[in-house]
Amino acid sequence: MGDVKTKGHHSAGKTLLNPEMIKADFPILSRRIGDRPLVYLDNAATTHKPESVISAMDEYYRKMNSNVHRGLHTLAEESTAAFEWTRKKIAAFIGGVETEEIIYTRNATEAINLVAYSWGRKNIRKGDRIVLTEMEHHANLVPWIALAKETGAELKYIPIDDNYRLDLNNIDKIISDNTRLVSITHMSNVLGTINPVEEIGQTAHSKGALFLVDGAQSVPHMPVDVKAIDADFYAFSAHKMLGPTGIGVLYGKESILNEMEPFIYGGEMISEVRYDFADWNDLPWKFEGGTPNIAGAVGFSPALDYLSDLGMDNIRNHEIELTAYTIAKLSDLKSIKIIGPHDTCMRGGAISFIDKDIHPHDLATFLDSRGIAVRAGHHCAQPLMKRLGLTATARASIYIYNTPEDIDKLVKTLREARRYFCNE
Amino acid sequence: MSENLDSLYRDIIMEHYKYPRGKKKLEDPDVTSEGKNPVCGDEIGMKVKLKDGKIEDISIDCLGCAISVASGSMLADAIKGKSIEEVKRIASAIKAILKGEKPDEDFDLGDLEALEGVSKFPVRIKCALLSWTTLVEGLETWESGKKSEIATTE
Ligand SMILES: Cc1ncc(COP(=O)(O)O)c(C=O)c1O
């Protein structure tokens with residue numbers, strides 16, 4: 001890709017993205033759905049991949065393909081170097097942590113499961129408390145429900161208030177002295193809410209609990225510094241930030257990771273094995289049993305470059321502006337209710353909404369017939385839906401390549417849907 | 001695409017969606033059955049009155065998309081006066097139609113034929129099926145004399 005200046009322009013001290021130019025780097029964005037151009041607004045589910053990511057993976061298989069950490073030939077050395085180079089970039093991307101603290105997983109879900117299995121099953125006992133929030137994705141819910149069931153630990157939830165934000169009034173009681181872990185999402189994939197993780201992390205640590213942050217929706221969209229947050233664990237997925245599927249990250253503090261048992265046993269993760277004995281490899285490989293997703297790591301590297309070149313601050317600003325635009329336009333539609341905070345300072349660009357007369361699935365099918373991709377359903381947050389008294393929402397979620405014109409098409413088509421379903 | 005859309009949301013389906021039949025109170029039902037599609041969040045509550053082994057009356061309360069509401073409404077129209085065996089056979093025929101197959105038997109399905117358009121939208125098939133699975137499970141539980149459980153098409 002070219003440098004950021006060709007893709008952005010300065011305005012009032014801010015660099016604004018030029019999404020039209022960014023779009024050109026994403027081959028899929030020029031495809032059509034039926035006879036309409038694709039308008040992709042399902043970025044919270046997964047984002048598209050720029051040419052640089054696609055070609056890096058293609059090149060890898062054409063020129064470099066080899067297993068890592070085992071061969072003594074040129075291909076193996078090059079593959080290992082590329083695989084480990086991405087790890088360095090990830091460490092720098094989330095605030096300059098140690099490379100050893102970056103563990104490759106398949107995705108955010110597996111990263112959280114790693115903690116639940118490896119740390120949780122050793123450290124959580126009957127009577128201990130695990131604190132979550134009412135807005136968690138199943139990925140940061142089900143592993144703890146299973147662990148609680150197995151150990152007899154207790155789950156407690158930080159509630160949300162009427163403005164779709166966490167209600168921290170009783171935080172000191174909820175995060176009690178017997179709390180061993182506080183695990184919360186940095187940004188809700190349903191509500192868009194950005195949570196005050198620093199504050200919650202401090203409370204967690206003051207009670208002697210560890211602090212895990214689900215960063216699946218935050219790392220792709222805003223600058224994240226896991227050291228400033230003082231997270232003990234931080235989980236995210238490459239596919240939601242321009243990278244390939246099948247590769248994700250668990251960041252963990254070295255001192256804690258060192259005390260943990262492995263998660264997946266096999267090749268890669270050992271230092272010495274005899275018939276009756278095995279000793280573990282150093283960090284981070286101790287947690288990476290088996291042949292990893294090498295092509296995934298290789299493809300993740302240009303994704304990180306792409307985001308870094310644009311600048312995470314610029315990306316956040318672009319999304320604040322486009323989110324504000326979207327909320328304003330949707331608010332013009334009388335039948336639509338936005339499910340999430342309106343204040344763009346404390347929210348991201350995953351925008352859930354409902355039409356009072358049209359089911360979200362009918363809306364999504366209708367939008368799709370006009371080339372517009374949104375998601376409809378419970379967004380892997382069934383307890384939150386129930387808490388909100390809803391069964392489903394429609395969700396438009398934006399990214400770096402989305403434009404105000406995309407939103408105009410969405411809003412125009414929502415009006416058409418009223419004509420189609422409600423004879424308006 | 002929008003031609004395709006009209007094959008899903010046919011006039012008959014939209015008619016049933018806007019004015020669903022069977023949406024009413026039914027006292028002293030013989031069968032009550034609840035169904036859910038956890039993935040889409042559709043929920044349905046059904047009450048059935050039986051007389052001499054036949055469906056005398058039915059009430060349906062459906063919280064869901066146009067397809068699931070319309071399918072339930074058409075069901076209410078279609079099954080009145082039918083025996084439990086007949087209802088099960090119609091349900092199998094509907095399943096076949098939704099899969100894009102030809103049903104084993106030649107029923108006159110009336111409005112229900114309109115569900116054929118759903119077969120081209122694989123993710124919506126379970127919406128159309130929900131009311132039928134809920135009804136059949138309700139009737140089967142009634143037959144086996146057990147308390148009804150929550151049906152699901154997942
Ligand atoms: C907040 C949040 N957490 C976790 C996940 C799980 O991500 P993955 O499916 O890549 O593991 C998602 C993805 O939808 C998410 O939005």
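Observations on the structure shown:
- In this assembly, the B-A interface accounts for approximately 1600 Å² of buried accessible surface in total, computed with a 1.4 Å probe and without ligands, DNA or RNA.
- Once the C-beta distance of residue A:51 and residue B:104 is scaled by a Förster radius of 51 Å, the resulting FRET efficiency is 0.50 to the nearest 0.05.
- Counting only other chain Cβ atoms within 10 Å of each residue's Cβ, the peptide B:58-67 averages 3.
- Debye intensity ratio I(q)/I(0), log10, segment B:9-50, q values 0.27 Å⁻¹ (C-alpha model): -0.96
- Summing charges over all other residues whose Cβ lies under 15 Å from the Cβ of residue A:58, with Lys and Arg as +1 and Asp and Glu as -1, gives +1.
- Placing unit charges on the Cβ atoms only, positive for Lys and Arg and negative for Asp and Glu, gives the protein assembly as shown a dipole magnitude near 720 debye about its Cα centre.
- Directionally averaged projected area (convex hull, Cα atoms, segment A:360-424), nm²: 5.1
- The length gained on full extension between residue A:173 and residue A:309, counted as 0.36 nm times the residue separation minus their Cα-Cα distance, comes to 44.6 nm.
- Here the Kirkwood formula puts the hydrodynamic radius of the protein assembly as shown at 26.2 Å, using every distinct Cα pair.
- Per-pair calculated FRET efficiency, R0 = 41 Å: residue A:245 and residue B:96 via Cβ, rounded to 0.05: 0.70
- Normalised per residue, the accessible area of segment B:3-153 is 49 Å², obtained with a 1.4 Å probe and no contribution from ligands, DNA or RNA.
- Label-reachable residues, segment B:70-100, where backbone N falls under 20 Å from a point 7 Å from residue B:19's Cα toward its Cβ: B:70-80
- Residue mean of other protein chain beta carbons inside 10 Å, A:349-362: 3
- Counting only protein heavy atoms and a probe of 1.4 Å, the accessible surface of segment B:3-153 is 47% carbon and sulfur.
- Helical content alone sets the calculated 222 nm signal of the protein assembly as shown at -11000 deg cm²/dmol, taking -39,500 (n - 2.57) per DSSP H segment of four or more residues and averaging over every residue.
- Karplus-derived 3J(HN,Hα) values for segment A:126-138, using 6.51 cos²θ - 1.76 cosθ + 1.60 with θ = phi - 60°, are 3, x, 6, 10, 10, 9, 10, 10, 6, 10, 6, 6, 3 Hz; glycine and proline are entered as x.
- Note on segment A:54-308: with neighbouring protein chains present and a 1.4 Å probe, carbon and sulfur make up 50 percent of its accessible heavy-atom surface.
- Applying the Karplus relation 6.51 cos²θ - 1.76 cosθ + 1.60 with θ = phi - 60° to segment A:365-376 yields 3J(HN,Hα) values of 5, 5, 4, 4, 5, 10, x, 9, 9, 10, 10, 9 Hz, where x marks Gly and Pro.
- Once the chain from residue A:145 to residue A:424 is taken as fully extended at 0.36 nm per residue, the excess over their C-alpha distance is 95.9 nm.
- Occluded residues from segment A:379-424, i.e. those whose accessible area drops by 10 Å² or more once the chain is not alone (1.4 Å probe): A:382, A:386, A:391, A:420, A:421, A:423
- Positive contributions from Lys and Arg (+1) and negative ones from Asp and Glu (-1), summed over other residues with Cβ under 11 Å from the Cβ of residue A:263, come out at -1.
- In whole angstrom, segment B:45-130 maps to an equivalent ellipsoid with semi-axes of 21, 17, 9, each derived as √(5λ) from the alpha carbon gyration tensor and ordered largest first.
- With DNA, RNA and ligands ignored, accessible area of residue A:395 (1.4 Å probe; Å², nearest 10): 0
- Counting Lys and Arg as +1 and Asp and Glu as -1 over every other residue whose Cβ lies under 10 Å from the Cβ of residue A:409, the net charge comes to 0.
- The DSSP beta bridges internal to chain A are antiparallel in roughly 65% of cases.
- Per residue, the convex hull spanned by the Cα atoms of segment B:3-153 measures out at 100 cubic angstrom.
- Restricting segment A:228-288 to chymotrypsin sites (Phe, Trp or Tyr not before Pro) in coil, as DSSP defines it, with at most 14 other Cβ within 10 Å: A:265, A:275
- Estimated D of segment A:54-308 in µm² per second, where Rh is the Kirkwood radius over Cα pairs and Stokes-Einstein applies at 20 °C, 1.002 mPa s: 114
- Where segment A:54-308 is the region considered: accessible area per residue in Å², 1.4 Å probe: 40
- Residues whose placed amide H lies under 5 Å from that of residue A:242, excluding near-sequence neighbours: A:47
- Computed from phi, the 3J(HN,Hα) profile of segment A:182-191 under the Karplus parametrisation 6.51, -1.76, 1.60 (θ = phi - 60°) reads 10, 10, 9, 7, 6, 9, 6, 6, 9, 8 Hz, with x in place of Gly and Pro.
- Simple spin-label estimate for residue A:332 and residue B:52 gives 6.3 nm between the two label positions (7 Å along the Cα-to-Cβ direction from each Cα).
The values are calculated or read from the model by the stated rules, or taken from the named source; none is laboratory data. Quick caveat, the model's predicted, so the values are computed rather than measured. FYI the Cβ positions are ideal-geometry reconstructions off the backbone, even for glycines, and counts take in every protein chain you see. Surface areas here come from the heavy atoms of the whole protein model, side chains and all, with no ligands, DNA or RNA. Shrake-Rupley method; radii C 1.70, N 1.55, O 1.52, S 1.80 Å.
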